Amino acid sequence: MRTLIFPYHKIPAGGPRSALLIDVLKFLLVIGGITWLMVRGTDMLGYNWQWYRVPQYLFSFENNQLKAGPLLDGLMVTFYISGFSLLLALVFGLTTALLRMSNSFLATALARGYLEIIRNTPLLVQLFLIYFVLGPILGIDRLFSAVLALSLFEGAYASEIFRAGIVSVHKGQWEAAYSLGLSSRDTYSRIILPQAIRRILPPLTGQAISLVKDSALVSTIAIYDLTMRGQEIIADTYLAFEIWFTIAGIYLVITVTLSTLVNRMENRFRVAI
Amino acid sequence: MPEKMLGNDIITADKINKTFPNEVQALCDFSTRVRRREVLVIIGPSGSGKSTFLRCLNGLEEIDSGSIVIDGVPLDHKKENRLEIRKEVGMVFQLFNLFPHLTVLDNVSLAQRLVRKKSKKEASETSMELLRKVGIPEKANTFPNHLSGGQQQRVAIARALAMMPKVMLFDEATSALDPEMIGEVLEVMKNLAQEGMTMIVVTHEMGFAREVGDRMIFMEEGEIVEEGSPDQLFTNPKKERTGLFLSQIL
C-alpha cells in the first residue's frame, strides 16, 4: 500500500510544543514585516503620527468622572443598529426559509422574489431606497430605515443558511416524527431545528459578522455610528491614519468577540450527533 | 402455542395504487385486510412494494387511488384523520431514526407529551416501563449514538409503543443490524405478538415469519403473488415464483 505523506502532517522532532513555537515565530515575523513596511512607508510620506491625541475621542475625564468620547458614543449606535438588525434578520431569514420550503405556490414565489431582489441589488441602493423613498411614504425615521435595510439584506442570506441547515437533517427524522403523530410545527421546533442549529451556527456567525461590518454603511444616511463619528473627527483633526486604525481595531474586537462567543456555544451544543 | 383468537378487521386496504415520480409503479391494485391481533408478514424481493405499502398505511406516502381505512378512520386528505391514524399506528424503521439530540428517555417521552398531552412525570413513568420491557432501562439517560444498533432499535420500538398504538408496522426492522443483534430485536417483537399486538412485519427473517406470523403475503412488482399461512407458503407454495424466491433466501 502506498502511503502519501504531506509535509504539513510532519511533526518536528521537538514534538507539538516546538511546532507551536515555530508557528508563533512565523506569525511575529510576518507582523514585524508589515509593521516595518508601514513605518517606512509613512516615514517617506512624512506623516506625523499623533497617537496621543486619540484617547480623548474614546473617553475623557471630567470632574473625576469617566465620560464616553464620540467614538464610544458611535460604537453604542453601531451596537444598537447591529443588534436590532440581527434579531430582525433572523426572523426574516427563518420565515423566508419556511415559506420557500412550503407547498404553497404563493409562499414560494414570495420568498423567491424577495431573495432575488435583495441579493441582486447593492445594499447601499437598498438603504437609499428605504430611507429616501419608502421613509417619507411610510413615515419611518432614519434609525428604523437603517435597521430595516440591514435586516432585509442580511435576512435574505440568513434564509439560505437556514434552508440549507434544515434540508441537511436526514429525511428519516421527519418520518419518525410524523409516524409518532407530531404536527408539522412540533416536528420543526422539537426535532428538525434543534438538529439544524448546530450546522447553521457557524455560517450564521459569518453572516452576523458581515452585518456588523455592513452597518458602517448607515453613516451614508447621516446616522452617527462608529464610522460616521470617525469621519467627523478626521474632518476636524486630520488624524486620518490614527482614527481609521482605531476604528478598524474596534470593529475587529467586536467581530472576534462575536465569533469566540459562538464557538463556545457550538461546543455546548455538541452533545450528540 | 394455543390458537390465537383474531378479532374483526382493523385495517382495510382496497385497490391501492402508487406510482412514484420516476414512473415506477410500487403498488398495483393492492388489497388486503388485517384483523385485530393478527401478525401479517410481508416478504418479497427488493422493489416489490412491501415498504411502500407500510409507508402508505400511515400516510408517509400518498396513494394515487384506492382507499385505506384504519380502525374506522379513512386515510384521506383531512389533516385530522391523518394525525389520528398516525397516533394509532406505530412504525419502526430500518435505520431506527432515533432523535440524536434527545436522550433515550426523551426519545420515548416526547410524543406522549406533545401528542397525548401527558405530564412530564406521567410520560417518564410510562417510558421507563417500556424501556424495562425492551430490556434497556439503564440506558435511559444516554444519547442514541452511544447505543449499539440492536439497542437503538429496541428504543425505537419503545418509542412507537409509547403512543399506545393499535397497530405496529415493522419496516425491515432487523435488516441494518449486525447478525448478533438481530436476535434481541426479534425477541422483543415476538413478545409483542404474544401480547396480542396487531402487527405488519416486512422482513427477511424467515424463522421469525414462520414462528410468529399468522398470515404471510409474498408480493412482487406491487402485486400479491401468493397469500396464506406461513407454513403453507414454506412447505407447499402454490405458485412457482413463491417457491423460487423462498428457496433463494432460505
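For the stretch B:1-66, GluC sites (Glu not before Pro) meeting the loop criterion (DSSP other than H, G, I, E, B) and having at most 11 other Cβ atoms within 10 Å: B:Glu3, B:Glu23, B:Glu62.
For chain A, adding -39500 (n - 2.57) for each run of n ≥ 4 DSSP H residues and dividing by the number of residues yields -23500 deg cm²/dmol at 222 nm. For chain B, the longest principal axis of the Cα atoms and the long axis of helix B:149-161 meet at an angle of about 90 degrees. Three semi-axes describe the equivalent ellipsoid of chain A; taken as square roots of 5 times the Cα gyration tensor eigenvalues and ordered largest first, they are 40, 33, 17 Å.
Global size of the stretch A:159-273: 20.9, 69 Å for Rg and Dmax (C-alpha atoms, Rg to one decimal, Dmax whole).
For the stretch A:159-262, the set of chymotrypsin sites (Phe, Trp or Tyr not before Pro) satisfying both a DSSP loop assignment and a count of at most 12 other C-beta atoms within 10 Å is given as A:Tyr238. Between A:Met228, A:Met101, A:Met44, find the one with the highest GNM mean-square fluctuation for chain A; connect C-alpha pairs within less than 10 Å. With Cα springs under 10 Å in chain A, the top fluctuation among A:Met228, A:Met101, A:Met44 is at A:Met44. The alpha-carbon positions of the stretch A:122-198 define a convex hull whose volume is 116 Å³ per residue. Taking trypsin sites (Lys or Arg not before Pro) in DSSP loop states with no more than 16 other Cβ atoms inside 10 Å as exposed sites, chain A has its longest site-free stretch at A:11-269.
Which of these, A:Leu138, A:Leu226, A:Leu115, has the largest mean-square fluctuation under a Gaussian network model of chain A (Cα springs below 10 Å)? Per the Cα network of chain A with a 10 Å cutoff, A:Leu138 tops the list.
Taking 27 Å as the straight-line reach from the Cα of B:Lys120, the lysines in range (excluding those fewer than 8 positions away in the same chain) are B:Lys79, B:Lys87, B:Lys133, B:Lys139, B:Lys166.
Each Lys and Arg Cβ is given +1 and each Asp and Glu Cβ -1; about its Cα centre, chain B then shows a dipole of about 980 debye. Taking Cα centroids, how far is the stretch A:110-174 from the stretch B:183-207 in Å? Using only Cα atoms to place each centre, the spacing works out to 53 Å. For the protein assembly as shown, the calculated P(r), taken from all Cα-Cα distances in 20 Å bins from zero up to the bin holding the longest distance, is 17, 36, 27, 16, 4, 0 percent. Site-free segments of chain B were taken between trypsin sites (Lys or Arg not before Pro) in DSSP loops having at most 14 other Cβ atoms within 10 Å, sites themselves excluded; the longest one is B:118-237.
For chain B, report the convex hull volume of the alpha-carbon atoms normalised per residue, in Å³, without decimals. Enclosed volume per residue, from the Cα hull, is 137 Å³. Counting, for every residue in B:91-103, the Cβ atoms of other protein chains within 10 Å of its Cβ and taking the mean gives 5.
Hydrodynamic analysis of the stretch A:79-222 uses the Kirkwood radius over alpha carbon pairs. Inserted into Stokes-Einstein at 4 °C and 1.567 mPa s, it gives a translational diffusion coefficient of 80 µm²/s.
Read-outs throughout are calculated quantities, based only on the coordinates presented, and are distinct from any laboratory measurement. Model, not experiment: these values are computed from the prediction. Please note: Cβ atoms are built from the backbone with ideal geometry, for glycine as well, and neighbour counts cover all protein chains shown.
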